[in-house]
Amino acid sequence: MSAVAVHYSVSASGARVAEALVDDVAQGEQLIAAAAAAGVAIAWAHSAADLSSLGFVPVPGSRRLTGRARPAPLPDDVTVLTAAEDSAELCAAAYRDQWGHKTPDTWPIDEFAGTTALGLRSGGRVVGICRIGPAAGYIDAPGLVQGNRDETGYRTLLAAALAAAGTEEVIVESWGDGPDRVRVCTELGLRTIEYSPGWELRLLR
């Protein structure tokens, strides 16, 4: 049995997380032991194995989708965010309590170089974000601030990202998006090419 590689981080909700790719129940036990030893609040497992016997709860995992861009003007309620608006606080609020999303150690993070953040506006404030890498056709699936997490907002932001994509084909990275959001992706012409189920165990409450 190979040892599981555990990575430690802070979730978008501010909780300490131990995370690992887990092949089987034995590795799930290793993850739990490492998380407990580190005193973290939550364990996240990426695994096709059934970890429910260990107390893990299944959650929507990580998904990669592909499809064609849909060039069009941005809708009136979606704009490119300014550097001041594209903040760590907005990112955390948009993905809070969503599996797989973390609080970065520094801001902006290196992988955001060359990307553009689209913002959904409502009532004079930004209530959603979707990041695109136009040169590479990359889209980070939308996040919405709590109280604004309806299907319409998700669809509006994702459609805007497809409209602003700089390539004919796009790749969408999704973390913790449930069936309703996946259905929106499908309706916009995207198809899943990779999926890893997610599992969550709360050690501290």
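The values are calculated or read from the model by the stated rules, or taken from the named source; none is laboratory data. Note that the structure is a prediction, hence the values are computed from the model and not measured. For neighbour counting, all protein chains shown are included, and Cβ atoms are generated from backbone atoms with ideal geometry for every residue, glycine included.
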Quiz item: Out of (1) surrounded by fewer than 20 Cβ atoms within 10 Å (Cβ to Cβ); (2) closer than 30 Å to residue 35 by Cα; (3) in contact with a helix residue (DSSP H, G or I) (Cβ under 9 Å, 6 or more places away or on another chain), what's the single condition that is false for residue 204?
Solution: (3)
Exercise. Could you please find all residues in segment 33-49 being within 25 Å of residue 183 (Cα to Cα) and in contact with a helix residue (DSSP H, G or I) (Cβ under 8 Å, 6 or more places away or on another chain)?
Key: 45, 47, 49
Self-check item: Which numbered condition residue 81 misses (of (1) at pLDDT below 95; (2) within 22 Å of the chain's Cα centre (by Cα); (3) within 23 Å of residue 165 (Cβ to Cβ))
Solution: (1)
Quiz item: Say we look at segment 121-133 and pick out the residues that are out of contact with any Cys (no Cβ under 8 Å at 6 or more places or on another chain) and surrounded by 17 or more Cβ atoms within 10 Å (Cβ to Cβ); which of these is farthest from residue 98 (Cα to Cα)?
Solution: 133
Quiz item: Can you tell me which residues in segment 106-121 are out of contact with any Asp or Glu (no Cβ under 7 Å at 6 or more places or on another chain) and farther than 17 Å from residue 165 by Cβ?
Solution: 106, 107, 108, 109, 110, 111, 113
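Here is a check on your reading of the model: is residue 106 exposed (fewer than 15 other Cβ atoms within 10 Å of the Cβ), more than 21 Å from residue 9 (Cβ to Cβ) and without any contact (Cβ under 8 Å) to a residue 12 or more places away in the chain?
The answer is no for residue 106.
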Exercise. Please enumerate the residues belonging to segment 8-27 that are more than 17 Å from residue 56 (Cβ to Cβ) and either surrounded by fewer than 16 Cβ atoms within 10 Å (Cβ to Cβ) or polar (S, T, N, Q) (or both).
Key: 8, 9, 13, 14
Quiz item: Inside segment 139-192, can you point out the residues that are touching a strand residue (DSSP E or B) at 6+ places or on another chain (Cβ under 8 Å), under 23 Å from residue 112 (Cα atoms) and loosely packed, with under 15 Cβ neighbours inside 10 Å?
Solution: 168, 169
Self-check item: Residue in segment 134-154 that is nearest to residue 88 (Cα to Cα), counting only those that are small (Gly, Ala, Ser) and touching a residue at least 24 places away in the same chain (Cβ under 8 Å)
Solution: 143
Exercise. Output the number of residues of segment 72-103 satisfying the condition of being surrounded by fewer than 17 Cβ atoms within 10 Å (Cβ to Cβ) and free of Cβ contacts under 8 Å to residues at least 24 places away in the same chain.
Key: 6
Quiz item: What pairs can you find where one residue is in segment 166-178 and over 10 Å from residue 138 (Cβ atoms) and of a type in the set (A, V, I, L, M, F, W, C), the other is modelled with pLDDT of 95 or more and not in a loop (DSSP other than H, G, I, E, B), and their Cβ atoms are less than 9 Å apart, with a gap of 6+ or different chains?
Solution: 175/60; 175/61; 175/62; 175/63; 175/95; 175/140; 175/141; 175/198
